[in-house]
Amino acid sequence: MNNNMLRTPLIKSALLLAGLSLIIYLTITSGGSVLGSLQAIVVGIFRGIQLVVGLFLALFLCIAVLIGIFLGGMAMVSRETAARMANQLRDLAAENLQIVVSRLRSTRLGAMTVGHGEELRALADRMERQEAEIRRLGKAVDGIRAGQAELMEKFDQFAGRKEAPE
C-alpha cells in the first residue's frame, strides 16, 4: 500500500483539528463570541505581517547605518578609497536590484501567461509590428533630415552667390 495515499487525508484532518482548536480557544478567551475569535485571528495575522515588515525595515536600516559608519571611517583614512568603495557598493546594489526586478517581472508575466496565453501572443505580435513601424518611420525622419541639410546647404550657396540689392 502506498504511504502517500494516507498522507494527504492525515494532513488535512490535522489542519482541520488545529483550526477548530484555535477557534475554540479564542472563543473561550475572548468572552464567548465566535466573531470576536475570528476578529482576533485576522488581527493576529495582520500584526504578524506588520512585525515581519518592521523587522525587514529595521534590518535594512541597521545595515545602512553600519555601512555608513564603515565608509565614514574609511573616509578618515583615505577619501579616494572611500569614494571608490561607495561607488562600487552603489553599482553592486543597482545590479542586484535590477536582477530582482527582472525576476519579479518574469514571474508576473509567467503567472499572466497561464490564463491569457493567446492574448499575450497577440499583444507581442502587435508590439513587434509597431516596433517595425517605428524603425521605418525613424529611417524616413533621418532621410528628411538629410534632405533638409542638403537644402540648407544649397540655400546658403544660393544666398551667398546672389548679390544684395543696392
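The values are calculated or read from the model by the stated rules, or taken from the named source; none is laboratory data. All figures in this text were calculated on a predicted structure; none of them were measured in a lab. Positions of Cβ are backbone-derived with ideal geometry, glycine not excepted, and every protein chain shown enters the neighbour counts.
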Among the residues listed as ARG84, ARG135, the single one being more than 21 Å from the chain's Cα centre (by Cα) and modelled with pLDDT of 90 or more: ARG84
Candidates VAL65, VAL53, VAL77, filtered to the one that is surrounded by fewer than 10 Cβ atoms within 10 Å (Cβ to Cβ), of a type in the set (A, V, I, L, M) and at pLDDT 85 or above: VAL77
Any chance ALA94 is assigned to a helix (DSSP H, G or I), modelled with pLDDT under 80, under 23 Å from the mean Cα position of the chain (by Cα) and not basic (Lys, Arg): no
